[in-house]
1. If Q404 satisfies all but one of (1) of a type outside the set (G, A, S); (2) surrounded by fewer than 17 Cβ atoms within 10 Å (Cβ to Cβ); (3) not in a helix (DSSP H, G or I), what's the number of the condition it fails?
2. If we scan region 222-233, do we find a residue that is part of a helix (DSSP H, G or I) and among the charged types (D, E, K, R)?
3. For region 205-227, which positions are open to solvent by 10 Å² or more (accessible area, probe 1.4 Å) and closer than 30 Å to A28 by Cβ?
4. Identify, please: which residue in region 159-177 is within 14 Å of L205 (Cβ to Cβ) and open to solvent by less than 20 Å² (accessible area, probe 1.4 Å) and is, among those, modelled with the lowest pLDDT?
5. The conditions are (1) free of Cβ contacts under 8 Å to residues at least 40 places away in the same chain; (2) within 20 Å of R452 (Cβ to Cβ); (3) buried (at least 20 other Cβ atoms within 10 Å of the Cβ), and F324 fails exactly one of them. Which is it?
6. Has region 194-213 got at least one residue that is touching a residue at least 60 places away in the same chain (Cβ under 8 Å), under 21 Å from I263 (Cα atoms), among the β-branched types (V, I, T) and not in a helix (DSSP H, G or I)?
7. Return only the number of the condition from (1) surrounded by 15 or more Cβ atoms within 10 Å (Cβ to Cβ); (2) over 30 Å from A28 (Cα atoms); (3) of a type in the set (D, E) that E131 does not satisfy.
8. Quick one: what pairs do we get from region 136-153, first residue polar (S, T, N, Q) and surrounded by 10 or more Cβ atoms within 10 Å (Cβ to Cβ), second modelled with pLDDT under 90 and not in a strand (DSSP E or B), C-beta under 8 Å, 6+ apart or different chains?
Amino acid sequence: MSDTFYITTPIFYPNGVPHIGHAYTAIATDVLARFQRIDGKDVFFLTGTDEHGQKMQRTAEERGITPIALADENSAVFRSMVEEFGCSNDDFIRTTEPRHAAACQELWRRMEANGDIYLDTYGGWYSVRQEAYFDESETEIGDDGVRREPLGSEVEWVEEESYYFRLSAYGDRLLKHYEDNPGFIAPNERRNEVISFVKSGLKDLSISRTTFDWGIPVPGNDAHVMYVWVDALTNYITAAGFPDTGADKWRYWPATHIIGKDIIRFHAVYWPAFLMSAGVELPERVFAHGFLNNRGEKMSKSVGNVVDPFELRDRYGLDQVRYFFMREVPFGNDGSYSHEAIVARTNADLANGIGNLAQRSLSMIAKNCEGRVPDNGGLTDDDEALIAATGPALETARKAMAEQAIHKALEAIFAVVAEADRYIDAQAPWTLRKTDPERMKAVLYTMAETVRRIALMTQPFMPDASARLLDLVAVPVGKRTFADFEARLVPGTELPKPQGVFPRYVEDEAQDA
């Protein structure tokens, strides 16, 4: 098994400000990256912004500014988003950087040298919003007389000279790759969708434009700029050092791409075909998650239900928002959220669950054990069984995270929280304090050790709160990986004063959403 792990978000299009869907993708990718780091992998986590294209140019013109000024302004907001949502990315790439232009032009030259690029004329229905062409059969004229593509954006007829990529030549090779590597596309619904699309027959792909100039120039023909997907997708290898495959970061390639399901075709069909043509190793995996709906309704500006992720974080708390979206929505499926659902998870799972478990255990230790880790000399089979239950939970989480089943990892971890709740209620250390103080110490040691192990496992999901929990059981910063899982707390270790980590969300402090 490789000790490197490369994971990416899609690069975000900074034509506007971030919405909760962007934050959702970033959080999920961060959780996956953090888990592998804590499990000993050498991780490279990439995110960034996709800054070229007609949509950016038009928006900039409407505002009376240059495209690069718009890109600078909005890219900074996306950079702020990933920082403020606790993302641990190792790089933030912008497609306007010189390193990216060099990578794109080299990829183009290699595809061209392989005989897969030719010049022709193109006419088709083009969506500026989706940055994609659509067959007429895929479009529909609405009651307003406007022709639209399947996701609802307006399309316009575009005719221009264009370079083409011979995508039609790669159908069989792609299908063989999918067959030989069944985990290449996930989840299965997306895999089936892609296979069906490829089997229906691939057409050559227009990969340059002449009707606007905000893009990377085509090598040898400055009248053309690269079509957005050749430009955008290449970011994943730019960040790994391409075209210098001897660069230090190239050891991380190939990557696992985390994307939204609306861009699966570009990542699972176009991208591997480009790489096959250029003689570059294909990605490890493409995982497409679903959409988030607000109270069951798709978010749209016209409905007025688009949510500012920064407001969500400020209202409920960073770790609470991270936990909610990773636990509530089976990763890969569409999901819905509401104020009531977030409050229910926050209070039941966090405040009343892990938070209460830690607080009552550590408070009893502070009051009855001189604020030190209790003696563990008399652990019973019940005590050892609770501590041992954390091991299978970690193994279940490992398997789940390897498949991007984030919700299943959390289910396994919180099953231990529930087991620990049952244990402390059954053992009743508050009664033992009077009847059997030595037994009380063993029970409280068991609880402190279980809290330590739970907090180790929750770090990828709730990094700040988990760090505070680990501080409360005096775990050194350098002993917080899964390699330290079996290294138990040392009796007599001084503990800090207990503090609540997960406050309840009190309804009257906020207006209902």
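1. Q404 satisfies all of (1) of a type outside the set (G, A, S); (2) surrounded by fewer than 17 Cβ atoms within 10 Å (Cβ to Cβ); (3) not in a helix (DSSP H, G or I) except (2).
2. Checked against the condition, which is being part of a helix (DSSP H, G or I) and among the charged types (D, E, K, R), region 222-233 yields at least one hit.
3. Matches in region 205-227: L205, G215.
4. S162
5. With respect to (1) free of Cβ contacts under 8 Å to residues at least 40 places away in the same chain; (2) within 20 Å of R452 (Cβ to Cβ); (3) buried (at least 20 other Cβ atoms within 10 Å of the Cβ), F324 is out only on (2).
6. yes
7. (2)
8. Once the first residue is polar (S, T, N, Q) and surrounded by 10 or more Cβ atoms within 10 Å (Cβ to Cβ) and sits in region 136-153, its partners that are modelled with pLDDT under 90 and not in a strand (DSSP E or B) give S153/V128; S153/R129; S153/Q130.
The values are calculated or read from the model by the stated rules, or taken from the named source; none is laboratory data. On a predicted model such as this, the values are computed, not experimentally measured, just so you know. Using ideal geometry, Cβ is built from the backbone for each residue, glycine included, and neighbour counts are taken over all protein chains shown. Just the protein is used for accessible areas: all its heavy atoms, side chains included, with ligands, DNA and RNA removed. Shrake-Rupley method; radii C 1.70, N 1.55, O 1.52, S 1.80 Å.
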